[in-house]
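A.B. asks: Got a structure for you, questions after.
Read the figures in this text as sums done on the coordinates, not as results from a lab. Keep in mind the model is a prediction, meaning the values are calculated, not measured. In this analysis, Cβ positions are derived from the backbone assuming ideal geometry, glycine residues included, and neighbour counts consider all displayed protein chains.
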C-alpha cells in the first residue's frame, strides 16, 4: 500500500505515520519540532567546581493544551504535568482463524484539559508521551 508523503519503510499501518525519531530525514517524518509540542521542562543550574551543570526537573514540567491533533485549536493553557491524568488507550483485536487468540494493543496517550475539557491526543507529541511517568496518574482506557 502506498502512503501519501510517507517513506513506505517505517510507517505503522495502525498509526498511519512514521514512528522513527524526529531526526529522520525521509519525507515521512511528520513529527513537529519539540518546541511546537507544547512542552516546557524547567531547569536550574547547580554550582559544581569550575563550571555549572544544567539539571532538568520533569516533575515540574508543563504542557500546553493544543487540542486533539497537532495544530488543532486547544485553549493554549499551560498545565502542570503533575496535575494531569494520562489516559493510555488500548484497542481490541479479535481472534482470527483457528489458532490465533484475541489480544489488546496499546494505543496513543491522551489527556483532558481541565480548563476547556478538550481531549489532547498525543500520537504526534512524543515529547509529552515521554513525561508519562510524571503525570498525576495513568488511567487505562479500553475500546
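A.B. asks: List pairs: first residue in the range 73-100 and on the phi > 0 side of the Ramachandran plot, second residue surrounded by 14 or more Cβ atoms within 10 Å (Cβ to Cβ) anywhere in the structure, Cβ distance under 7 angstrom, at least six positions apart or on different chains.
C.D. replies: Cβ pairs passing all conditions: 76/64; 76/65.
A.B. asks: I've got another one for you. Just need a number here: residues in the range 88-121 that are under 20 Å from the mean Cα position of the chain (by Cα), part of a loop (DSSP other than H, G, I, E, B) and surrounded by 10 or more Cβ atoms within 10 Å (Cβ to Cβ).
C.D. replies: Total satisfying the criteria: 5.
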